[in-house]
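Asks: What follows is a single structure, and I will ask about it in a moment.
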Amino acid sequence: MPDLYTSEHEDFRKTARTFYEREVVPHHDQWEQDGIVPRELWVKAGEAGLLCFDVPEEYGGPGVDDFRYNVIVSEEQTRAGVSGPGFSVHTDIIVPYLTSLGTDEQKQRWLPGTVSGETITAIAMTEPGAGSDLQGVRTTAVDKGDHYLLNGSKTFISNGILADLVIVVARTDPEAGHKGISLLVVERGMDGFERGRNLDKIGLHAQDTAELSFTDVVVPKENLLGEEGKGFIYLMMNLPQERLIIAAQAVAAAEAVVEMCLDYAKTREAFGKPIGKFQHNRFLIAEMATEVRVARAFINECLSKHLDGKLTAVDASMAKWWCTELQNKLVNQGVQLHGGYGYMMEFPIAKAYLDSRISTIYGGTTEIQKEIIGRSLGL
Ligand SMILES: Cc1cc2nc3c(=O)[nH]c(=O)nc-3n(C[C@H](O)[C@H](O)[C@H](O)COP(=O)(O)OP(=O)(O)OC[C@H]3O[C@@H](n4cnc5c(N)ncnc54)[C@H](O)[C@@H]3O)c2cc1C
């Protein structure tokens with residue numbers, strides 16, 4: 001398969017790598033303690049050109065509709081071992097809703113800030129009682145003429161504390177099943193929009209993941225995204241890209257695990273020789289190296305298809321479950337290979353272990369991906 005990346009992509013990769021090394025790595029331990037990254041980091045990322053490539057020039061973006069750049073930013077963040085900045089959820093998942101569904105007026109209003117990093121975004125689908133089953137959302141938006149009255153609560157929302165704009169999945173018609181779901185954009189400062197706890201997670205410690213609540217929030221009709229009642233369809237259209245980027249992050253993380261294991265196996269000695277010289281460990285790392293090669297080939301195939309506009313929902317589901325399960329398997333094996341040091345937070349493998357655990361859950365669980373694939377097979 002020809003190389004997917006050109007020299008321009010590789011130059012951009014260097015920019016991203018330098019950014020993470022200079023602006024993120026030195027501060028990340030502190031931000032993990034804080035449970036959040038500072039807003040200034042977002043503005044620096046905007047200045048470095050790392051946010052929202054696909055935003056057209058007329059709305060303040062570079063207008064580069066080439067998903068390879070998105071993947072590069074994620075790969076470099078993963079490579080640097082810094083899970084805090086929620087850039088991917090912003091650039092790869094949320095802003096595409098605004099670019100694809102927004103009216104000209106909405107795009108003028110919202111997009112320039114998303115590119116500069118001054119406007120941070122979140123998407124609020126999940127509720128305390130509804131995650132996998134999105135049709136079960138209970139948040140309601142009642143039509144009051146020139147506005148909707150929004151009531152409900154959401155949980156596990158990435159960028160939830162920092163967000164200035166939140167795309168809220170709400171029910172505009174309680175009788176219409178999935179055809180009664182719409183997307184509303186709630187803005188920072190609207191009366192009745194409150195943030196709850198910044199949730200205490202087992203990993204991703206510098207990422208703000210929050211509860212949000214909406215009590216009689218007046219959302220003007222100008223903040224309806226796309227058409228009323230089509231929210232579920234829009235989610236289904238956008239989820240494949242979300243799943244693809246999570247899969248790509250998983251492959252990059254798995255590659256990093258193999259590197260960590262290889263380094264360790266060559267330097268750590270037991271019974272008078274490097275542990276990599278024991279056949280079990282040599283075979284283990286041989287298997288790991290093979291599995292990440294297979295994953296890399298598969299993710300590149302999916303990425304190529306996505307660049308051609310041909311990635312199906314089933315392709316994305318296959319990539320999502322398989323790559324994230326592989327990531328989790330390898331990082332677990334990696335901890336074992338590191339012995340007691342694998343359990344110490346000062347070793348990158350320990351942090352990778354905690355940060356990876358979510359990947360088979362968010363963006364749709366492994367089980368939901370298999371449901372989608374199974375149904376496509378007529379089962
Ligand atoms: C760190 C983090 C960040 C997140 N970020 C966001 C965000 O930004 N925005 C957002 O909206 N949400 C976000 N989420 C929520 C995430 O997408 C959901 O947690 C996930 O979709 C699963 O939903 P749930 O937690 O309600 O689990 P449930 O749906 O209750 O599932 C529980 C278990 O049942 C299984 N299950 C459910 N239905 C089926 C079925 N039909 N067949 C087989 N098994 C099934 C699941 O696979 C799972 O194992 C985030 C979550 C976390 C932890």
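The values are calculated or read from the model by the stated rules, or taken from the named source; none is laboratory data. Everything numeric here is computed off the predicted structure, so don't read it as measured data. So basically every Cβ, Gly included, is an ideal-geometry build from the backbone, and we count neighbours across all protein chains shown.
Asks: On the given criteria, is Gln333 under 30 Å from Leu183 (Cα atoms), in the same structural domain as Thr365 (by TED's automatic domain parsing), out of contact with any strand residue (DSSP E or B) (no Cβ under 8 Å at 6 or more places or on another chain) and not hydrophobic (A, V, I, L, M, F, W, C)?
Replies: No; evaluated as a whole, the condition is false for this residue.
Asks: I'd like to verify a number: residues in the range 131-147 that are within 12 Å of the ligand (Cβ to nearest atom) and surrounded by fewer than 22 Cβ atoms within 10 Å (Cβ to Cβ), how many?
Replies: Qualifying residue count for the region: 6.
Asks: List, please: which pairs have Cβ atoms under 9 Å, are six or more places apart or on different chains, and start with a residue in the range 356-375 that is under 15 Å from Ala247 (Cα atoms) and assigned to a loop (DSSP other than H, G, I, E, B) and end with one that is aromatic (Phe, Trp, Tyr) and within 6 Å of the ligand (Cβ to nearest atom)?
Replies: Taking only residues 6 or more apart or on different chains, the pairs are Tyr362/Phe156.
Asks: Pull out all pairs, ordered by first then second residue, where Cβ-Cβ is under 9 Å, the residues are six or more apart or on different chains, the first lies in the range 189-210 and is within 12 Å of Leu354 (Cα to Cα), and the second is within 13 Å of the ligand (Cβ to nearest atom) and among the hydroxyl-bearing types (Ser, Thr, Tyr).
Replies: Every condition considered, the pairs that remain are Lys201/Thr209; Gly203/Ser83; Gly203/Ser356; Leu204/Ser83; Leu204/Ser158; His205/Ser83.
Asks: If you take the residues of the range 211-223 that are within 19 Å of Ile120 (Cα to Cα) and surrounded by fewer than 23 Cβ atoms within 10 Å (Cβ to Cβ), which of them is farthest from the chain's Cα centre (by Cα)?
Replies: Restricting attention to the range 211-223, the residues satisfying the condition of being within 19 Å of Ile120 (Cα to Cα) are 211-214, 219, 223.
From what's left, surrounded by fewer than 23 Cβ atoms within 10 Å (Cβ to Cβ): 211, 213, 223.
Working: Glu211: 17, Ser213: 22, Asn223: 24 Å.
The selected residue is Asn223.
Asks: Is it true that Phe298 is aromatic (Phe, Trp, Tyr), assigned by TED's automatic domain parsing to the domain that holds Tyr341 and within 30 Å of Arg68 (Cβ to Cβ)?
Replies: Here the answer is yes, as Phe298 does meet what is asked.
Asks: Out of the residues in the range 325-334 that are surrounded by 18 or more Cβ atoms within 10 Å (Cβ to Cβ) and under 18 Å from the mean Cα position of the chain (by Cα), which is farthest from the ligand (Cβ to nearest atom)?
Replies: Leu326
Asks: How many of the residues in the range 198-210 are part of a strand (DSSP E or B) and within 11 Å of the ligand (Cβ to nearest atom)? Give the derivation first.
Replies: Start the filter on the range 198-210 by keeping residues that are part of a strand (DSSP E or B), which leaves 198, 209-210.
Okay, now just the ones that are also within 11 Å of the ligand (Cβ to nearest atom), so 209-210.
Of the residues in that region, 2 qualify.
Asks: Further, regarding this structure: Within the range 305-315, does at least one residue satisfy the condition of being in contact (Cβ under 8 Å) with a residue 60 or more places away in the chain and within 30 Å of Tyr264 (Cα to Cα)?
Replies: The answer is no; no qualifying residue exists.
Residues checked against (1) over 18 Å from Glu287 (Cβ atoms); (2) surrounded by 15 or more Cβ atoms within 10 Å (Cβ to Cβ); (3) within 15 Å of the ligand (Cβ to nearest atom):
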site: Asp315; (1), (2), (3): yes, yes, no
site: Met318; (1), (2), (3): yes, yes, no
site: Cys323; (1), (2), (3): no, yes, no
site: Gln336; (1), (2), (3): no, no, no
site: Tyr341; (1), (2), (3): yes, no, no
site: Ile349; (1), (2), (3): no, yes, no
site: Leu354; (1), (2), (3): yes, yes, yes
site: Ile358; (1), (2), (3): yes, yes, yes
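Asks: Follow-up question, since we're still on this one. Among the candidates Leu101, Leu150, Leu111, Leu162, single out the residue that is more than 17 Å from the chain's Cα centre (by Cα) and within 16 Å of the ligand (Cβ to nearest atom). Steps first, please.
Replies: Values: Leu101 fails: within 16 Å of the ligand (Cβ to nearest atom); Leu111 fails: within 16 Å of the ligand (Cβ to nearest atom); Leu162 fails: more than 17 Å from the chain's Cα centre (by Cα).
Residue meeting the stated conditions: Leu150.
Asks: Identify, please: which residue in the range 154-179 is of a type in the set (Gly, Ala, Ser) and surrounded by fewer than 20 Cβ atoms within 10 Å (Cβ to Cβ) and is, among those, modelled with the highest pLDDT?
Replies: Filtering first and then ranking leaves Ala176.
Asks: A follow-up question, please. Which of (1) in a loop (DSSP other than H, G, I, E, B); (2) touching a residue at least 12 places away in the same chain (Cβ under 8 Å); (3) surrounded by fewer than 24 Cβ atoms within 10 Å (Cβ to Cβ) is the odd one out, the single condition Gly63 does not satisfy?
Replies: (2)
Asks: Which residues, counting only those in the range 4-35, are of a type in the set (S, T, N, Q) and either crowded, with 16+ Cβ neighbours inside 10 Å or in a helix (DSSP H, G or I) (or both)?
Replies: In the first step, residues of the range 4-35 are kept if they are of a type in the set (S, T, N, Q); the result is 6-7, 15, 18, 30, 33.
Ser7, Thr15, Thr18, Gln30, Gln33 - these are the residues of the range 4-35 that are of a type in the set (S, T, N, Q) and either crowded, with 16+ Cβ neighbours inside 10 Å or in a helix (DSSP H, G or I) (or both).
Asks: Determine whether Thr121 is closer than 23 Å to Trp42 by Cα, modelled with pLDDT of 95 or more, of a type in the set (Ser, Thr, Tyr) and in contact with a strand residue (DSSP E or B) (Cβ under 6 Å, 6 or more places away or on another chain). Spell out how you get there, then give the answer.
Replies: Working: closer than 23 Å to Trp42 by Cα: yes; modelled with pLDDT of 95 or more: yes; of a type in the set (Ser, Thr, Tyr): yes; in contact with a strand residue (DSSP E or B) (Cβ under 6 Å, 6 or more places away or on another chain): yes.
Criteria met by Thr121.
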